[in-house]
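A.B. asks: Mind looking over this structure? Questions follow.
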Amino acid sequence: METGSKQLWLLTCLYLLMGCYVVSALDFQYHNHSALTQYMQEISKTYRNMTNLYSIGESLLKRKLWVLEISTAPMDKLGVPNVKLIANIHGNEAAGREILLQLIQFFVTNYCCNDTVRWLLNNTRIHILPSLNPDGFEISTEGKCELGLGRENARHVDLNRSFPDYFQNNTQPRQRETEAVIDWLTRTTFVLSASLHGGVLVANYPYENVMENTWDVVHRLLSTSDFGKNNITSPWKRLFPDMADPYLPSISPDDDVFRHLATTYARTHPTMHLGLPCHDMDKRFEDGITNGAAWYPITGGMQDYNYIYHGCMEITLEISCCKYPFAQELPKLWEENKEALLNYISQVHQGVRGYVFDNSTQKPIPGASLKIEGRDSFFRTTPRGEFWRILLPGSYQLQVNAPGYEPQEIEFTVASPKQGKRLIPTWLNVSMPAVIKRMVVSHEVLVATNPPVTVMDDASTLHHVASQETANNARLNFIDGSLMMIAGCMPFSLVYLFNIKY
């Protein structure tokens, strides 16, 4: 550690240690919205050098949706990824709410004495939203393990069914809490996310929906009198036992990464990886993970929205068999999930990240479209030209496109993590040359063209300069001919588009 960095670290630790005596320990009890607000404001004031408290909006009943950002990374440092953790989207699933408050307490009080915490906060911006549904929580009942009041928001809408859906037309009305998350994702580029739920033990990953009517048709067919389950000739009899639901996985382009993320959490958790059902009638989950649609498809889910519309990899963590366990269970739940949460957050540092810029001006290119070859999922650069993508060890090709620039393809390798070492991402500087427009002049035509990707030895020898009169006549003929061609094709084009759409 350099002398300057060491001095900064010592000063930070001294400041934080002073803070430990100002902020009292967080009790293992459920905090209503007022208590939650007071605690987060107190933490923000005491640890102002490493926290930033903000609200992404309000619930229907005007309760603030508080987020605490925790990081010691300098604001001007490029390539620091954003991670978010959300709990309590279902108000009656309350354990995650308190687990995230305990995580906040753990982060701010262990920066000096825990190497993992220090490394995470120095290299990550962690945003924690303990309750997305504070209205539902306020009417929920402690000790209620099954369905009950508070799951939905104040308008009786399930927030985890109210997001835009790629697979099906979601007719569920958009909620104020939903809009707050959508705006949040639009403002901030998140790389990794998790939503904490309760009622079972499993790590659930995308996709969690299927194309419209696919399984409705199958279920109807297999449930008729001719094909019913009791019929010995029924197709049900040909299905494997685990397929009798009859849900199949809905596979995303980054299925390997999502399975890795879910498995990372489940294996770090002391019991989740066993896949044991919480109740006799519950499904058993192999290795403690499941594809969302293979469990049961839903429309309007938050994790699919994160991934498809914003390129953020989110999974759903079901962390307790009881939806709203008694407060005396909270210490045990915290210990079971603490290391799993830390390990999960660290996965944001595996893969590739970098900076896309103009090769002439050296300025960043915001909004550039990026894609890993062979994966039909896109992501974009930030206003500062940054990008991130979680990938497993292997060789890849990055494709980069931006309006006004030549497309770029870069081959790179993600190295395997070394035993006992921190994850280190591959860094790429992507220099984008601007498209150069040239005037091509001939006897027939005078048009502006883009140069081919292959540069010719002496392009000037391929064309000769025509007289101004010839060039102007050629240009007019070209324009007249183009207009006639467009006019002739228009009816066919409109009919074609009409048939495709309707």
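A.B. asks: Take G351 and decide whether it is within 24 Å of R267 (Cβ to Cβ), among the small types (G, A, S) and out of contact with any strand residue (DSSP E or B) (no Cβ under 6 Å at 6 or more places or on another chain).
C.D. replies: Taking the combined requirement at face value, the residue does not satisfy it.
A.B. asks: Kindly establish whether L446 is at pLDDT 90 or above, open to solvent by less than 50 Å² (accessible area, probe 1.4 Å) and not aromatic (F, W, Y).
C.D. replies: So L446 fails the test.
A.B. asks: Here's something else I'd like to know. If a residue must be surrounded by 15 or more Cβ atoms within 10 Å (Cβ to Cβ) and either out of contact with any strand residue (DSSP E or B) (no Cβ under 9 Å at 6 or more places or on another chain) or not in a loop (DSSP other than H, G, I, E, B) (or both), how many such residues does region 59-88 contain?
C.D. replies: Final tally of qualifying residues: 16.
A.B. asks: When you go through (1) surrounded by 14 or more Cβ atoms within 10 Å (Cβ to Cβ); (2) polar (S, T, N, Q); (3) at pLDDT below 95 one by one for T290, which number turns out not to apply?
C.D. replies: (3)
A.B. asks: Now for a separate question. Working only within region 118-136, note down all residues that are outside any helix (DSSP H, G or I) and not charged (D, E, K, R).
C.D. replies: Hits for region 118-136 are T124, I126, H127, I128, L129, P130, S131, L132, N133.
A.B. asks: Then there's this: Pick from region 361-411 the residues that are on the phi > 0 side of the Ramachandran plot and not polar (S, T, N, Q): which of them is surrounded by the most Cβ atoms within 10 Å (Cβ to Cβ)?
C.D. replies: This residue is G385.
A.B. asks: Only one of T264, T299 is of a type in the set (S, T, Y) and either in a helix (DSSP H, G or I) or without any contact (Cβ under 8 Å) to a residue 24 or more places away in the chain (or both); which?
C.D. replies: On the way: T299 fails: either in a helix (DSSP H, G or I) or without any contact (Cβ under 8 Å) to a residue 24 or more places away in the chain (or both).
The match here is T264.
A.B. asks: Next question, about the same structure. Which of the residues spanning region 412-432 are in contact (Cβ under 8 Å) with a residue 40 or more places away in the chain and either over 21 Å from P253 (Cα atoms) or open to solvent by 20 Å² or more (accessible area, probe 1.4 Å) (or both)?
C.D. replies: The answer is P417, R422, L423, I424, P425, T426, W427, L428, N429, V430, S431, M432.
A.B. asks: Please go through (1) within 21 Å of E146 (Cα to Cα); (2) at pLDDT below 95; (3) not charged (D, E, K, R) for L333 and return the number of the only condition it doesn't satisfy.
C.D. replies: L333 satisfies all of (1) within 21 Å of E146 (Cα to Cα); (2) at pLDDT below 95; (3) not charged (D, E, K, R) except (2).
A.B. asks: Let me ask something additional. Counting only residues that are open to solvent by 40 Å² or more (accessible area, probe 1.4 Å) and touching a strand residue (DSSP E or B) at 6+ places or on another chain (Cβ under 6 Å), how many does region 96-154 have?
C.D. replies: 0
A.B. asks: For Q362, which of the numbered conditions (1) within 28 Å of I251 (Cα to Cα); (2) assigned to a loop (DSSP other than H, G, I, E, B) fails to hold?
C.D. replies: Only one criterion is unmet by Q362, namely (1).
A.B. asks: If you don't mind, another one. Residue by residue through region 65-83, note down the ones that are touching a residue at least 40 places away in the same chain (Cβ under 8 Å), more than 22 Å from N110 (Cα to Cα) and out of contact with any Leu (no Cβ under 7 Å at 6 or more places or on another chain).
C.D. replies: Residues satisfying the conditions are L78, G79.
The values are calculated or read from the model by the stated rules, or taken from the named source; none is laboratory data. Computed from a prediction, not measured in an experiment: that's the story for all the values here. Neighbour counts run over all protein chains shown; Cβ positions are idealised from the backbone, glycine included. All accessible areas refer to the heavy atoms of the entire protein, side chains included, with ligands and DNA or RNA removed. Shrake-Rupley method; radii C 1.70, N 1.55, O 1.52, S 1.80 Å.
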